[in-house]
Structure formats: structure tokens, C-alpha cells
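The values are calculated or read from the model by the stated rules, or taken from the named source; none is laboratory data. Since the structure is predicted, the reported quantities are computational estimates derived from the model, not experimental observations. Here the Cβ positions follow ideal geometry from the backbone for every residue, glycine too, while neighbour counts run over all protein chains shown. Just the protein is used for accessible areas: all its heavy atoms, side chains included, with ligands, DNA and RNA removed. Shrake-Rupley method; radii C 1.70, N 1.55, O 1.52, S 1.80 Å.
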Amino acid sequence: MRRTKEEYHDIIIHRSNHKLSGGVRFTLRAEGIALAAICIAAYTQLGGSWGFFALLILAPDVFMIGYLLGNRLGALVYNIGHSTLIPAALGILGFSMDAQAMIGLALIWGAHIGIDRALGYGLKYAAGFKETHLERV
């Protein structure tokens, strides 16, 4: 498959300016561990069902389905599901409505993102699934 001009641009920018190593790489992965730990601890305090947690912990990976329509759309859809913005908004909404299930879902989603980041899976570039903001996986 031929790459578009934008995809080549993303690869060049990623490889030249976003190569992570040493302390920066360690810090970003440690942030992922911290996010996952905070979400899991809060979920525990919430008294959420661990069966529900196990069922939904991999649910955000459904956002990979966008890659069936190409790298550019795939990256966009994947990033929507793997940005902390939606689970944060869901959690805020859940707190404001006193909706325990919504809060639990937000915490599971946040834990998933934290685990992904700790393992080196970051937000995707349009150049391809393996090109992330953290490293090439």
C-alpha cells in the first residue's frame, strides 16, 4: 500500500523528534503504571465487580477496528479510544450524576490506557499501527 504525503510526514516527525529514551521513556511508562494503579485502587474503593472489570479491561481495543479502513482512519479511531479525555469526561459525568456504573467504566477504561502506556503502547500516528507517540512497537 502506498503511503500518503501526510503519513511520510508523520514518520519523519516521529523518528526525528519523538524518539524517546532514558529518563523520558521511563517517566512516561511510570506515568502509565501510576494511572493504572490509581484507577484500580479507585475501582477497589468503589466496590466494583471484578467480573465486570475482567470483562471490560480489553474493551477499548475494539477501537482498533478503524484500521480495517486504513492507517489514517485507524489511527484516528484508535486514538479516540486510547486518549484519557473520554474516560476522564465519563468519570466526571458519573460523579456529577452519582452514577456508580459510569464511574466504574471510566476507571476500567483509564486502567486499560495506563497499562497500555506502561507497556509502551501509545497514541498512533497515521503512518501505521506500530508508530506511536511513545516508541515504535
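If you roll a 1.4 Å probe over segment 73-137 with all protein chains in place, what percent of the accessible area is carbon or sulfur? Percent of accessible area from carbon and sulfur atoms in segment 73-137: 75.
Extension gain, A101-A30: 0.36 nm per intervening residue step, less the Cα-Cα distance, totals 22.8 nm. The heavy atoms of V24 present about 80 square angstrom of accessible area, all protein chains included, probe 1.4 Å. When each of the peptides 48-58, 115-125 is scored by how many other beta carbons lie within 10 Å of its residues on average, the order from highest to lowest is 115-125, 48-58. Dividing the convex hull volume of the alpha-carbon atoms in segment 49-134 by its residue count gives 85 Å³ per residue. Each peptide in 79-85, 34-40 receives the mean, over its residues, of other Cβ atoms within 10 Å, and ordering these scores from highest gives 34-40, 79-85.
Give me the extension gain from L85 to I57: residue separation times 0.36 nm, minus the current Cα-Cα distance, reported in nm with one decimal.
Result: 8.4 nm gained on full extension.
If R0 equals 30 Å, the separation of the Cβ atoms of V137 and L73 corresponds to a calculated FRET efficiency of about 0.95.
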